[in-house]
1. How many nm is it between the label spots at D260 and N331, if each spot is 7 Å from the Cα in line with the beta carbon?
2. Specify whether the C-alpha gyration tensor of the range 101-218 places it in the rounded, prolate or oblate class, a ≥ b ≥ c being the square roots of the eigenvalues: rounded for a/c under 1.5, otherwise prolate if a/b is larger than b/c and oblate if not.
3. Can you tell which of T176, I6, W244 lies farthest toward the positive end of the dipole of the chain, using +1 and -1 charges on the Cβ of basic and acidic side chains (Lys, Arg; Asp, Glu)?
4. For the range 372-467, what does the equivalent ellipsoid look like in terms of its semi-axes, each the square root of 5 times an eigenvalue of the Cα gyration tensor, given largest first in whole Å?
5. What pairs in K182/K421; K182/K377; K337/K361 have C-alpha atoms more than 27 Å from each other?
6. To the nearest 20 debye, what charge dipole does the range 173-248 have about its Cα centre, counting +1 at the Cβ of each Lys and Arg and -1 at the Cβ of each Asp and Glu?
7. List the pairs from K60/K289; K267/K339; K336/K364 whose alpha-carbon separation is above 31 Å, in the order I gave them.
8. Taking the Cα of N98, stepping 7 Å toward and past its beta carbon, and measuring to each backbone N in the range 64-85: which are under 20 Å?
Amino acid sequence: MKRTKIIDVLTRTEVGTELVVKGWVRAFRSNRFIQLNDGSTINSLQAVIDFENFDEAVLKKITTGAAVGLTGVLIESQGSGQSVELQVKEVEIIGEANPDDVQKTVMQPKKHSLEFLREQAHLRFRTNVFGAVFRIRHGVSYAIHKFFNDKGFFYIHAPIITGSDAEGAGEMFHVTNLDMEKLPKNEAGTVDYSEDFFGKPVNLTVSGQLEAELAALALGQVYTFGPTFRAENSNTSRHLAEFWMIEPEVAFNDLNDNMDLAEEMLKYICKYIVDNFADDLAFLNEREKAEQQTKPVNERNELTLLERLDFVINNDFKRITYTEAIDVLMNSNHYKKKKFKYEVNWGTDLQSEHERYLVEKEFKRPVIITDYPAAFKAFYMRRNDNSELGKETVAAMDILFPGIGEMVGGSQREERLDVLKEKCAAFGIHEADLWWYLDTRKFGTVPHSGFGLGFERMVMFVTGMTNIRDVIPFPRTPGNAEF
Ligand code: 4AD
Ligand code: MG
């Protein structure tokens with residue numbers, strides 16, 4: 001008999017059906033009640049065994065963490081808590097778990113800290129919390145593809161190995177097939193790449209945007225969804241060295257269209273998860289509530305996870321310019337009481353304390369900040385000519401979320417070749433390295449816009465997890481690439 005997944009047993013199987021389930025034992029009580037989980041849902045199936053009918057040797061192997069197959073009949077549950085249970089007729093021990101080892105692992109029912117579990121990446125998938133997080137992570141990914149597909153976007157695969165630094169921030173991981181130490185240098189001391197696989201310096205991509213722009217200027221509406229890599233040495237709860245990014249790019253869209261698209265997408269993702277992952281969300285919501293109780297009252301969240309999702313789905317984001325944001329900050333009591341650590345003035349980038357103030361204290365909702373000073377934004381952003389915003393600003397947008405900070409970064413792109421060349425010069429970017437990008441501005445250039453969504457930051461928001469390492473199966477951070 002083929003196995004039935006536990007989610008199907010619990011939601012769409014009639015009482016009286018004979019079936020096989022396979023999974024991992026969560027608990028075995030009184031030599032009689034097995035809690036079996038197969039990962040298809042957070043809920044375990046209770047299976048009841050008449051131990052008198054089974055060999056002692058078999059019963060001994062039904063330990064927490066062991067993999068078993070159970071054949072039996074679905075009956076109405078005698079106890080409370082679940083509506084059905086499995087009356088077991090046959091037990092197959094598929095993979096034993098030594099109870100002594102289990103004591104030391106995450107598979108025992110006792111609660112473990114998230115930090116401890118991070119070091120047990122092979123086992124943390126088995127816990128309720130990570131089961132819920134990774135099912136939802138899948139859901140977010142699927143929702144994104146569905147959102148763009150339904151709108152007629154095409155999914156473009158940007159390269160992972162590239163010769164460019166799309167963000168111009170120099171935070172790249174270099175790639176070569178040669179021993180870096182042994183790369184020959186010429187007289188001037190620069191590395192000679194003639195022996196290298198690619199014959200030139202290449203790196204892991206920091207963003208698929210430039211490639212997406214090429215595609216958008218032919219296919220109209222596209223998006224990338226892939227891993228990106230940044231060698232920024234930020235050991236924070238919001239940064240990874242390897243993270244996934246979604247980068248839509250749309251021909252003929254201006255900055256307003258770009259904001260509309262991003263806001264619609266973010267709401268869509270939240271709604272998709274609320275509609276399709278109710279059990280996992282309910283579990284994470286309760287977990288967060290319990291954790292909040294351990295904190296001082298003034299440090300607790302105002303809203304629960306479910307309330308935060310509901311809020312985002314049903315309320316417009318606040319949209320302000322960078323100039324307005326600086327005004328708000330400088331007129332705040334927080335500023336007057338000198339409570340900001342970093343300075344606030346026009347021309348200086350916002351620090352996360354400023355962003356948090358705007359989102360969590362001032363507006364209490366997601367905020368889109370636009371039209372930043374050109375000086376600290378990427379070279380490809382469109383200069384705000386002929387506007388009251390002034391020449392020194394660019395058509396940029398950052399979307400900030402409560403508890404997360406920057407969720408999305410995007411812009412209208414500089415489509416004018418002459419201005420783009422000026423920007424390259426100002427940023428020290430060699431035109432020769434970007435000829436393939438600059439060429440798009442020579443052959444039917446059009447206004448276009450796009451943005452990048454940090455996938456893990458989105459998963460943090462919809463799961464309520466507070467450390468980005470806990471929403472990716474194998475986190476890569478400075479000094480950490482164990483698994
Ligand atoms: O703001 P960023 O650097 O923008 C770009 O890369 C543009 N090329 C996007 C575009 O316009 N197509 O990154 C975009 C988003 C950030 O808002 C943040 O959510 C996330 O990517 N992000 C990170 N997430 C985790 N770890 C890091 N080190 C991240 N750096 C950026
Ligand atoms: Mg950014």
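Quick note: the coordinates plus some simple rules give every number you see, no bench work behind them. In this text the structure is predicted, and so the values were computed from the model without any measurement. Please note: Cβ atoms are built from the backbone with ideal geometry, for glycine as well, and neighbour counts cover all protein chains shown.
1. Taking the simple label geometry, D260 and N331 are separated by 2.9 nm.
2. Details: a/c = 3.89, a/b = 1.43, b/c = 2.71.
Taking the square roots of the gyration eigenvalues as a ≥ b ≥ c, the range 101-218 is oblate.
3. Projecting each Cα onto the dipole axis, the largest value belongs to I6.
4. 30, 16, 12
5. Numbers: K182/K421 36 Å; K182/K377 36 Å; K337/K361 15 Å.
Where the Cα-Cα span goes over 27 Å, the pairs concerned are K182/K421; K182/K377.
6. Values: 5 positive and 11 negative charges, 46 e Å.
About 220 debye.
7. The pairs that break the limit, which is 31 Å between Cα atoms, are K60/K289; K267/K339.
8. Label zone hits: 64-68.
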